[in-house]
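Presented below is the structure to which this report refers.
The values are calculated or read from the model by the stated rules, or taken from the named source; none is laboratory data. Being a predicted model, the structure only gives us computed values, none of them experimental. We place every Cβ from the backbone using ideal geometry, glycine too, and count neighbours over all the protein chains shown.
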Amino acid sequence: MHKDIATPVRTKAILERHGFSFKKSLGQNFLIDTNILNRIVDHANMTEETGAIEIGPGIGALTEQLARRSKKVVAFEIDQRLLPILEETLSPYPNTKIIHQDVLKADVQAVIDDEFNDVSDIMVVANLPYYVTTPIIMKLLEENLPIRGIVVMLQKEVADRISASPGTKEYGSLSIAIQYYTKAETVMIVPKTVFVPQPNVDSAVIRLTRRKEPAVTVKDENFFFKITKASFSQRRKTLLNNLTSMLPDGKEKKSVILAALEEAEIDGTRRGETLSIEEFGRLSDALYPIFK
Ligand code: SAM
């Protein structure tokens, strides 16, 4: 077996040899702990038949561990300066492919069609660039890609919001947006010391397992998300107050909003953070005929 990339000594040597300087604006915090990397990969439950998609391979620390434990890894990297480094570090792993692209602009479905046509199980596994964690996760979910799930490192504070339950202060429209598509769990808390350079915030790993059907069936998805956002717009306000101030002509339509709340069997004096996804589904379906 080849020597691991992600040891402090080897990482430092690679970076120095290539004269690489970190770009904070690209969220470059590289992992230098193989034990953590292996635990991340464990949480993805991959087999030799699994295709792995990585976002931001850096110098290949995670890519290497994925390559050893999956059929093939395809990784999107935005920073051109990393390409020659990756070519060198990943040369022992012919089952890896780097795509030089901003993942937010990439046609991921086309890449899956091209690269994974003989693969039936696909997982996204990554140590995400922290400045774009939410847009990346939402893109992967909204594009309805044929993936089993997502295991990613991100800011602990965002992980807490993503996997929050109703009634907690972390629970909000992000929790609902993600739990609508997936079962969300925080599976690891990770100390700053395993990165170089060390990030300013604490980190965590979440596992998102795609649901076969969304968590709730609604008349109109976009409207459902609009209602959840409106319900959380001012967290200290009641549901009724948020809806009347956020919906078009809401104040004039207060009585119809009240009737819709009654139809959905939801007390308008509750706060948005107490509603389950099912309750938001009922509420948005009751409001839809009025505001669509
Ligand atoms: N996977 C490596 C590791 O764990 O050591 C590096 C992780 S580092 C937190 C994030 C990586 O994402 C960097 O290599 C960065 O250049 C890359 N990146 C940042 N923005 C990106 C984007 N929009 N699309 C693709 N890669 C991006």
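Per-residue answers, yes or no, for (1) over 23 Å from the mean Cα position of the chain (by Cα); (2) touching a residue at least 40 places away in the same chain (Cβ under 8 Å):
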residue: N222; (1), (2): no, no
residue: F225; (1), (2): no, yes
residue: T228; (1), (2): no, yes
residue: L240; (1), (2): yes, no
residue: S255; (1), (2): yes, no
residue: L261; (1), (2): yes, no
residue: T269; (1), (2): yes, no
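Pick out the one residue from T133, T186 that is buried (at least 18 other Cβ atoms within 10 Å of the Cβ) and farther than 21 Å from S231 by Cα.
Every option except T133 fails the conditions.
How many of the residues in the stretch 71-80 are surrounded by 15 or more Cβ atoms within 10 Å (Cβ to Cβ), free of Cβ contacts under 8 Å to residues at least 40 places away in the same chain and either of a type outside the set (V, I, T) or more than 14 Å from G56 (Cβ to Cβ) (or both)?
Of the residues in the stretch 71-80, 3 are surrounded by 15 or more Cβ atoms within 10 Å (Cβ to Cβ), free of Cβ contacts under 8 Å to residues at least 40 places away in the same chain and either of a type outside the set (V, I, T) or more than 14 Å from G56 (Cβ to Cβ) (or both).
Somewhere in the stretch 215-225, is a residue in contact with a strand residue (DSSP E or B) (Cβ under 9 Å, 6 or more places away or on another chain) and under 22 Å from A164 (Cα atoms)?
yes
With the stretch 212-292 as the region, which helices (runs of 4 or more DSSP H) entirely inside it contain at least 3 residues that are farther than 30 Å from P146 by Cα?
So the answer is 239-246, 254-263, 277-291.
D4 - would you say it is of a type in the set (D, E) and either assigned to a helix (DSSP H, G or I) or within 11 Å of the ligand (Cβ to nearest atom) (or both)?
no
Confirm whether E213 is more than 30 Å from Q28 (Cβ to Cβ), in contact (Cβ under 8 Å) with a residue 40 or more places away in the chain and under 22 Å from the mean Cα position of the chain (by Cα).
When the stated conditions are applied, E213 does not pass them.
From G58, G27, grab the single residue that is in the same structural domain as M153 (by TED's automatic domain parsing), within 9 Å of the ligand (Cβ to nearest atom) and touching a strand residue (DSSP E or B) at 6+ places or on another chain (Cβ under 9 Å).
G58
When you scan the stretch 201-210, do you find a residue that is at pLDDT below 95, surrounded by fewer than 20 Cβ atoms within 10 Å (Cβ to Cβ) and under 21 Å from D160 (Cβ atoms), even just one?
Checked against the condition, which is being at pLDDT below 95, surrounded by fewer than 20 Cβ atoms within 10 Å (Cβ to Cβ) and under 21 Å from D160 (Cβ atoms), the stretch 201-210 yields no hits at all.
What's the number of the condition V74 fails, among (1) farther than 27 Å from D220 by Cβ; (2) away from the ligand (no atom under 14 Å from the Cβ); (3) modelled with pLDDT of 95 or more?
In the conditions (1) farther than 27 Å from D220 by Cβ; (2) away from the ligand (no atom under 14 Å from the Cβ); (3) modelled with pLDDT of 95 or more, V74 misses (2) alone.
Hey, among the residues in the stretch 108-119 that are without any contact (Cβ under 8 Å) to a residue 24 or more places away in the chain and in a helix (DSSP H, G or I), which one's surrounded by the fewest Cβ atoms within 10 Å (Cβ to Cβ)?
Here the residue is A110.
Would you mind telling me which numbered condition in (1) under 24 Å from the mean Cα position of the chain (by Cα); (2) farther than 15 Å from I32 by Cα I85 fails?
(1)
Before we move on, is I55 surrounded by fewer than 21 Cβ atoms within 10 Å (Cβ to Cβ), aliphatic (A, V, I, L, M) and touching a residue at least 24 places away in the same chain (Cβ under 8 Å)?
no
Take E16 and decide whether it is within 30 Å of N117 (Cβ to Cβ) and away from the ligand (no atom under 13 Å from the Cβ).
No: the conditions fail for E16.
Can you tell me how many residues in the stretch 37-46 are surrounded by 21 or more Cβ atoms within 10 Å (Cβ to Cβ) and outside any loop (DSSP other than H, G, I, E, B)?
2
Which of the residues belonging to the stretch 47-74 are in contact with a Leu (Cβ under 8 Å, 6 or more places away or on another chain) and either assigned to a helix (DSSP H, G or I) or farther than 16 Å from P8 by Cβ (or both)?
Result: A52, E54, I55, G56, P57, A61, L62, T63, E64, Q65, A67, V73.
Would you be able to say whether some residue in the stretch 81-92 is more than 10 Å from the ligand (Cβ to nearest atom), surrounded by fewer than 19 Cβ atoms within 10 Å (Cβ to Cβ) and assigned to a loop (DSSP other than H, G, I, E, B)?
yes
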